[in-house]
1. If a residue has to be part of a loop (DSSP other than H, G, I, E, B), touching a helix residue (DSSP H, G or I) at 6+ places or on another chain (Cβ under 9 Å) and either exposed (fewer than 11 other Cβ atoms within 10 Å of the Cβ) or modelled with pLDDT of 95 or more (or both) to count, how many in the stretch 1-27 make the cut?
2. Would you mind finding the one in LYS30, LYS62 that is in a helix (DSSP H, G or I) and more than 18 Å from the chain's Cα centre (by Cα)?
3. In the stretch 33-56, which residues are β-branched (Val, Ile, Thr) and surrounded by 13 or more Cβ atoms within 10 Å (Cβ to Cβ)?
Amino acid sequence: MWMALALGAIWFLFTRASAELSAETVRPDKKIFWYSILPVYVPLMMGLFLFGYYALKGEYDKVDS
């Protein structure tokens, strides 16, 4: 579930950014917004993807005594 959420969020971010940046008239604040949001949120979503991957492998199920 976490892996699908992360990939879906990345897809949504890039889809939304490309839709707003490919408009006929793009305001400079939109460019600044998307050029600063994408480099921040994509690594965060990759971290969420890795969390889901390790959870799927069962890495968090182990109990150390």
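The values are calculated or read from the model by the stated rules, or taken from the named source; none is laboratory data. Computed from a predicted model, the values in this text were never measured in an experiment. Because the Cβ atoms are built from the backbone with ideal geometry, glycine has one as well, and the counts that use them run over all protein chains shown.
1. Number of matching residues: 2.
2. Answer to the selection: LYS30.
3. Listed by number, the residues that qualify are ILE37, VAL42.
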